[in-house]
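The values are calculated or read from the model by the stated rules, or taken from the named source; none is laboratory data. The structure displayed is predicted, hence computed values, not measured ones. Every residue, glycine among them, receives a Cβ derived from its backbone with ideal geometry; neighbour counts consider all protein chains shown.
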Ligand SMILES: [Cu+2]
């Protein structure tokens, strides 16, 4: 590892400069601070290409400035007729050959990285998550584990987690800038990419392909926990009893309402193939509500009463009977208690 | 039919004159006026976008309206502003540069313009008829199929009609350059602007059919229940992306190559030097155009085409940097050793070199597929293509307008206003877009109606919005300059810039027959050759004689109107079959016009030798 650092020290210096310029952006969101394998591959190429380009730009700018200073029309020389030069073979060859070499310097690592990131030879033995992109939320199905969740994707650090992605409606694009570059989520074919996070943390994910009015609100989170915690989380999720009655009376009413108001038609609690709406098994642990709101009771009540005001064009609006504020509070109370596991975004250091 | 006589006519007569004109110089003005109008409209849409993004979670626009705004901004700027403005300049100048009296098909020239205008108007009617298209200017299926209302239908019909106009224009320019060059004007003596017009026309000829096909398929999906792009019925949505970008990438070169031509002419004129490496410049242009067809999938690196496709398209894309680099260095070498005059036209040109170099370089960065996994569909891409399209194409159009305004309108644009508008626009431009490279990598995807609070994106977006307003003010001052100049501007001589190419050998503005006698060309930069080695005047290639001119015609206007009506029919027959009538009426109008055009003889008219002798000198 040290050798790797040593060889690329100048790259890192340049990278630091870029960071300074950018003011970094927000940690765990910005691509400037890669914390996963894919993001690192991309960043290495970004830095390499910036160095090459800065070199070219410096030369262009130098010649440009010298030309303008030296050859601007001078007073008293208005009638000066410059020599009419047709061209210069040597010069023209130079500025053809050097760019070709520079392009090759960038092309070789690009091709290598392209094949490297597309390598799925070990997918069989790894963790596979079936990802479904929906207007405007994400569904995650841990293949072989009978665990489903939505919006928060739990992964173990240091491992490649393969995402087999398909869309249920229009094209989306899954992007977790700090961990990996993006890949489109098409309706017609399964696209596979992998996430490999180096450190624990809660990472921002975004939809990067215009998918309708609430495209910009289709955020999600990647919750990277230690491999042990991940195992724990999976087994906690597997042992959820969806029928379990909550302890306090308000939540019990909430649970009843959840069934009465046909919420169950779209929202599963516990393992279920039903993915018409987000799976709410561990809703109490969600890092956000509807992808971007703080997980407070007020926000949830607001969502239940008027989701359209929060996410225009979402598929819940108008598809369930009206809920009063009183009822919304009861349901919220119930939903926010759904915490089947001790492993949550908080344990990932949020 | 002399010019003086035309000026004496009343206002309505002038309108009629423009509705029926087949004169390339008047059609050029129509293109400039219409393109300029759409440019202001697109600019206004841009300002709305930037106001919405001035602060996090802003609610100046609703989500739906925002998507309409970005869609119309992109579509308008590309199809209805940049292209027509360039077509206008080509129309105005290219025939003069090759010593022709007009384009090869004056009637088609007029038809091309009116189709473009009616298509553009049709598209913009959507604002008042239930909402504009909202699936992005790329209109990706299935979002474009799913989009409710008629917005996307207007997009389809509007672009289909105006696209036909562009295709016609391209073919016309091709034939003109192939067949109508004056004696001695060999291909390798053509000014670079004519060369790039030629190559651009080839690109139009091959690229636009892909768009036409794509739009037809989309039209059948949306209006007639087909399922080319509908996955649930066995269609495939990625095909749209291929069709769109097989058109869309060459489209970028359709825009930038003419700008390259403009800059080449301007740099050579104002450095008082022959273009350095002319042959290399020509071949670089051709090479860029050729490679331009080989790289469309670099817009699709994240689609999941696999590493082989991604690697091939990455390398092909990087290869374009080489001919582009050749051009940049040849321009610098042209200025090197010259005697450089810096006026407004030259300012835009000089600003282009570093700005476009940045755009080109981020282009190479984007070509690196794995790096693109981060850039793709973020503000980095937005920054990149605005550096190329504004820093390249718009700067080129503005440079060209300052340079050729005297030739087209007989007056020189005001220098002071020109410089003020330049600096405002130039500073505003970099302020708006440079920071967006960083916003993209900081995690801001493009086409985001809002960005969230506390994501570190606030300052960058604020700066960007401030820059956009500076650009807006700069643009307005340019408009003021045009108005001021047309009232009080300095009258231009035939050759105000000590020019080198043929257009400067005839009066400003040129008479409607352009060249009294077809000129004889003795080399590259023919006027310069005559100035330095000859009599100072172009030698005619023929004795003074009668000139044959084509008839004016209202048919192109009516025919385009017919397609416009049919467009509405197609859009609304989905709701009510009664609208099928509009299709029949509209297409009927167009067919009748075609019939008249085919059956009636158009003899044109002659300008007699005696009149020519009387009018001039
Ligand atoms: Cu989406």
message: With the structure loaded, tell me whether residue B:355 is out of contact with any strand residue (DSSP E or B) (no Cβ under 6 Å at 6 or more places or on another chain) and within 8 Å of chain A (Cβ to nearest Cβ) or whether it fails that test.
response: no
statement: Only unsatisfied item for residue A:119, checking (1) assigned to a loop (DSSP other than H, G, I, E, B); (2) within 10 Å of chain B (Cβ to nearest Cβ); (3) in contact with a helix residue (DSSP H, G or I) (Cβ under 7 Å, 6 or more places away or on another chain), is (3)
statement: Given (1) outside the structural domain of residue A:216 (by TED's automatic domain parsing); (2) within 16 Å of the ligand (Cβ to nearest atom), residue A:108 misses just (2)
message: If I go through segment B:50-71 residue by residue, how many of them are more than 14 Å from chain A (Cβ to nearest Cβ) and surrounded by 24 or more Cβ atoms within 10 Å (Cβ to Cβ)?
response: 0
task: State whether one or more residues within segment B:489-498 are free of Cβ contacts under 8 Å to residues at least 60 places away in the same chain and more than 21 Å from residue B:93 (Cα to Cα).
output: no
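For (1) at pLDDT 95 or above; (2) closer than 20 Å to residue B:555 by Cβ, each residue gets a yes or a no:
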| site | (1), (2) |
| --- | --- |
| B:1 | no, yes |
| B:15 | no, yes |
| B:34 | yes, yes |
| B:40 | yes, no |
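With respect to residue B:119, is the statement that it is touching a helix residue (DSSP H, G or I) at 6+ places or on another chain (Cβ under 9 Å) and farther than 27 Å from residue B:290 by Cβ true? Show your work before the answer.
Numbers: touching a helix residue (DSSP H, G or I) at 6+ places or on another chain (Cβ under 9 Å): yes; farther than 27 Å from residue B:290 by Cβ: yes.
When the stated conditions are applied, residue B:119 passes them.
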query: Given A:101, A:105, which one is touching a residue at least 12 places away in the same chain (Cβ under 8 Å), over 30 Å from residue B:269 (Cα atoms), in a helix (DSSP H, G or I) and more than 8 Å from every other protein chain (Cβ to nearest Cβ)?
result: A:105
statement: Taking segment A:134-167 and keeping residues outside any strand (DSSP E or B) and either away from the ligand (no atom under 15 Å from the Cβ) or more than 10 Å from chain B (Cβ to nearest Cβ) (or both) leaves A:136, A:143, A:144, A:145, A:146, A:151, A:157, A:158, A:159, A:160
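Where in segment A:168-251 are there strands (runs of 3 or more DSSP E), lying wholly inside it, with at least 3 residues that are within 13 Å of the ligand (Cβ to nearest atom)? Lay out the reasoning, then the answer.
Numbers: elements: A:172-176, A:180-185, A:191-195, A:201-207, A:220-225.
In segment A:168-251, the matching strands (runs of 3 or more DSSP E) lie at A:172-176, A:180-185, A:201-207.
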statement: Restricting attention to segment B:240-298, the residues that are touching a residue at least 24 places away in the same chain (Cβ under 8 Å) and outside any helix (DSSP H, G or I) number exactly 8
- prompt: Which of the residues belonging to segment B:577-617 are in contact (Cβ under 8 Å) with a residue 40 or more places away in the chain, loosely packed, with under 13 Cβ neighbours inside 10 Å and assigned to a helix (DSSP H, G or I)?
  reply: B:613
- request: Say whether the condition of being at the interface with chain B (Cβ under 9 Å from one of its Cβ atoms) and either in a helix (DSSP H, G or I) or more than 30 Å from residue A:275 (Cα to Cα) (or both) is met by at least one residue in segment A:123-133.
  value: no
- prompt: Can you tell which of B:470, B:462, B:457 is at negative phi, touching a residue at least 40 places away in the same chain (Cβ under 8 Å) and at the interface with chain A (Cβ under 10 Å from one of its Cβ atoms)?
  reply: B:457
query: Is segment A:18-35 home to any residue that is in contact (Cβ under 8 Å) with a residue 24 or more places away in the chain, within 7 Å of chain B (Cβ to nearest Cβ), touching a strand residue (DSSP E or B) at 6+ places or on another chain (Cβ under 7 Å) and closer than 30 Å to residue A:168 by Cβ?
result: yes
message: Here is a check on your reading of the model: is residue B:307 facing chain A (nearest Cβ under 9 Å), closer than 20 Å to residue B:255 by Cβ and surrounded by fewer than 21 Cβ atoms within 10 Å (Cβ to Cβ)?
response: no
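Kindly establish whether residue A:85 is over 26 Å from the mean Cα position of the chain (by Cα) and either assigned to a loop (DSSP other than H, G, I, E, B) or closer than 30 Å to residue A:213 by Cα (or both).
yes
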query: Do the conditions hold for residue B:438, that is, is it part of a helix (DSSP H, G or I) and under 24 Å from the mean Cα position of the chain (by Cα)?
result: no
query: So which of A:278, A:295 ends up being away from chain B (no Cβ under 14 Å), in contact with a strand residue (DSSP E or B) (Cβ under 8 Å, 6 or more places away or on another chain) and within 16 Å of the ligand (Cβ to nearest atom)?
result: A:278
- prompt: In segment B:523-534, is there at least one residue being out of contact with any strand residue (DSSP E or B) (no Cβ under 9 Å at 6 or more places or on another chain) and within 30 Å of residue B:160 (Cβ to Cβ)?
  reply: no
